[in-house]
Number of protein chains: 2
Amino acid sequence: MATDFRNKLQAEGLKVTPQRVAIFEAILRLNNHPTAEDIIAFIKTNHPNISVGTVYKVLDIFVEKKLIQKVKTEKDVMRYDPFLSNHHHLYCANTERIEDYEDEKLNQLIAEYFKKNKIKNFKIQDITLQITGKFSSQNKSKK
Amino acid sequence: MATDFRNKLQAEGLKVTPQRVAIFEAILRLNNHPTAEDIIAFIKTNHPNISVGTVYKVLDIFVEKKLIQKVKTEKDVMRYDPFLSNHHHLYCANTERIEDYEDEKLNQLIAEYFKKNKIKNFKIQDITLQITGKFSSQNKSKK
DNA sequence: GTTGTAAAGATAATGATTCTTATTTAGGAA
DNA sequence: TTCCTAAATAAGAATCATTATCTTTACAAC
Ligand SMILES: [Mn+2]
Ligand SMILES: [Mn+2]
Ligand SMILES: [Zn+2]
Ligand SMILES: [Zn+2]
């Protein structure tokens with residue numbers, strides 16, 4: 001996992017720097033699909049003089065190299081996801097909480113559906129569900 | 001349709017102003033899920049001195065009153081959708097094009113699936129698919 | 001040691017959006 | 001119709017997430 005990350009960076013010809021490690025670890029720990037600001041705040045304790053620009057730069061690189069993903073929201077702040085597999089998101093209707101939702105059976109159901117029902121003039125690469133609603137067990141990793 | 005819009009505004013106790021009408025019509029005409037900037041550019045021809053702040057304000061009101069929806073993207077610009085029914089979106093992997101995708105059969109399939117497979121601690125309100133891929137018939141209403 | 005290059009830090013700039021304030025207007029009341 | 005006033009708009013400043021620029025550092029190859 002941590003070594004996996006190092007390997008992936010090196011395979012892309014990118015250096016394994018303390019900043020990059022710290023940013024990646026922060027995203028893993030902050031498991032509510034953190035914003036850049038969340039990440040900076042988290043890192044600041046052990047790594048007080050990290051530069052804001054560096055964080056944004058590194059996040060872009062991670063996204064480009066597919067070490068993380070961006071998560072779409074209706075807000076004017078980007079959020080990041082270290083979880084790369086085909087999965088879906090539960091959006092809280094009231095708060096900024098976003099939880100992962102994995103469901104292989106559902107993925108297959110949808111894949112089969114689209115195998116039979118092609119979309120004209122469109123080649124599907126990826127399907128993600130945004131499931132909006134309310135969490136009943138309050139909090140957990142709120143924002 | 002146009003009167004429907006007026007009624008809905010009045011039902012909410014909101015005044016029907018030329019700006020609001022122009023903004024709503026612009027969103028209908030600009031059928032690629034326009035940004036505020038797209039809307040402003042479109043309106044400027046007939047309505048040269050509309051204020052940017054007004055457009056953002058009005059868009060917020062429309063969203064709040066459910067006359068339009070926001071469309072989630074990975075970009076730092078908001079996009080708006082006049083289409084309110086349960087529908088999905090086809091995101092072009094290369095361009096900013098976003099098309100509506102309506103599929104009642106799919107909606108039912110998914111609804112049935114979740115009727116049988118509840119998500120623990122979560123009450124679903126709405127499900128939207130983001131379908132990413134490539135359009136084969138190039139353009140139509142590009143960005 | 002010198003050179004070259006990727007990466008990080010500091011900080012200015014950008015661009016979408018929001019806020020503030022003065023002015024105008026829609027539309028109900030008189 | 002005319003008046004009145006809360007609601008809405010215009011103009012422009014401010015905010016804030018993100019980008020860009022420029023300098024400095026890390027570190028490897030020569
Ligand atoms: Mn921006
Ligand atoms: Mn912004
Ligand atoms: Zn996720
Ligand atoms: Zn739509």
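Looking across the stretch A:1-24 at every residue that is within 12 Å of DNA strand C (Cβ to nearest atom) and of a type in the set (S, T, N, Q), the one that is farthest from A:Ile43 (Cα to Cα) is identified as A:Gln10. For the subset of the stretch A:74-84 comprising residues that are assigned to a loop (DSSP other than H, G, I, E, B) and more than 10 Å from chain B (Cβ to nearest Cβ), which member is surrounded by the fewest Cβ atoms within 10 Å (Cβ to Cβ)? Filtering first and then ranking leaves A:Leu84.
Quick one: in the stretch B:74-91, of everything that is under 27 Å from A:Gln69 (Cα atoms) and either aliphatic (A, V, I, L, M) or modelled with pLDDT under 95 (or both), which residue is farthest from DNA strand D (Cβ to nearest atom)?
From the stretch B:74-91, those under 27 Å from A:Gln69 (Cα atoms) are B:74-81, B:86-91; that's our starting set.
Restricting the remaining residues to those that are either aliphatic (A, V, I, L, M) or modelled with pLDDT under 95 (or both) gives B:74-78, B:86, B:90.
On the way: B:Glu74: 10, B:Lys75: 8, B:Asp76: 5, B:Val77: 10, B:Met78: 12, B:Asn86: 28, B:Leu90: 23 Å.
That would be B:Asn86.
Do we have B:Phe114 as more than 16 Å from ligand 4 (Cβ to nearest atom), facing chain A (nearest Cβ under 9 Å) and surrounded by 12 or more Cβ atoms within 10 Å (Cβ to Cβ) here? For B:Phe114, the condition - more than 16 Å from ligand 4 (Cβ to nearest atom), facing chain A (nearest Cβ under 9 Å) and surrounded by 12 or more Cβ atoms within 10 Å (Cβ to Cβ) - is met.
Consider the stretch A:16-62. How many of its residues are assigned to a loop (DSSP other than H, G, I, E, B) and within 15 Å of ligand 3 (Cβ to nearest atom)? Before you say what the answer is, go through the steps one by one.
Step one: list which residues in the stretch A:16-62 are assigned to a loop (DSSP other than H, G, I, E, B), which gives A:16-17, A:30-34, A:45-51.
Filter once more, so that each one left must be within 15 Å of ligand 3 (Cβ to nearest atom): A:30-34.
Summing the residues that are assigned to a loop (DSSP other than H, G, I, E, B) and within 15 Å of ligand 3 (Cβ to nearest atom) in the stretch A:16-62 gives 5.
When B:Ile131 is tested against (1) touching a Ser or Thr at 6+ places or on another chain (Cβ under 9 Å); (2) more than 27 Å from A:Glu96 (Cα to Cα); (3) of a type in the set (A, V, I, L, M, F, W, C), just one condition goes unmet, and that condition is (2). Scanning the stretch B:62-77 for residues that are within 10 Å of the chain's Cα centre (by Cα) and within 16 Å of ligand 2 (Cβ to nearest atom) yields B:Lys70, B:Lys72. Pairs are defined by a Cβ separation below 6 Å, a sequence spacing of at least 6 or placement on different chains, a first member in the stretch A:64-77 that is over 17 Å from A:Val16 (Cβ atoms), and a second member that is away from ligand 2 (no atom under 16 Å from the Cβ) and not in a loop (DSSP other than H, G, I, E, B); the pairs so defined are A:Gln69/A:Asp81; A:Lys70/A:Val63; A:Val71/A:Asp81.
Of all the residues in the stretch B:87-108, those that are surrounded by 15 or more Cβ atoms within 10 Å (Cβ to Cβ) and more than 30 Å from A:Val63 (Cβ to Cβ) number 1.
Before we move on, is B:Ile127 part of a strand (DSSP E or B) and surrounded by 15 or more Cβ atoms within 10 Å (Cβ to Cβ)?
Working: part of a strand (DSSP E or B): yes; surrounded by 15 or more Cβ atoms within 10 Å (Cβ to Cβ): yes.
Answer is yes for this residue.
Residue check: A:Leu109 meets all listed conditions (1) free of Cβ contacts under 8 Å to residues at least 24 places away in the same chain; (2) closer than 20 Å to B:Asp126 by Cα; (3) within 16 Å of ligand 3 (Cβ to nearest atom) but one, namely (3).
Is it fair to say A:Gly133 is more than 11 Å from chain B (Cβ to nearest Cβ), at pLDDT 95 or above and either surrounded by fewer than 18 Cβ atoms within 10 Å (Cβ to Cβ) or in contact with a Gly (Cβ under 9 Å, 6 or more places away or on another chain) (or both)? Here the answer is no, as A:Gly133 does not meet what is asked.
Taken together, the residues in the stretch B:32-73 that are more than 9 Å from DNA strand C (Cβ to nearest atom), loosely packed, with under 14 Cβ neighbours inside 10 Å and within 14 Å of chain A (Cβ to nearest Cβ) amount to 2.
The values are calculated or read from the model by the stated rules, or taken from the named source; none is laboratory data. If you're wondering where the values come from, they're calculated on a predicted model, not measured in any experiment. Using ideal geometry, Cβ is built from the backbone for each residue, glycine included, and neighbour counts are taken over all protein chains shown.
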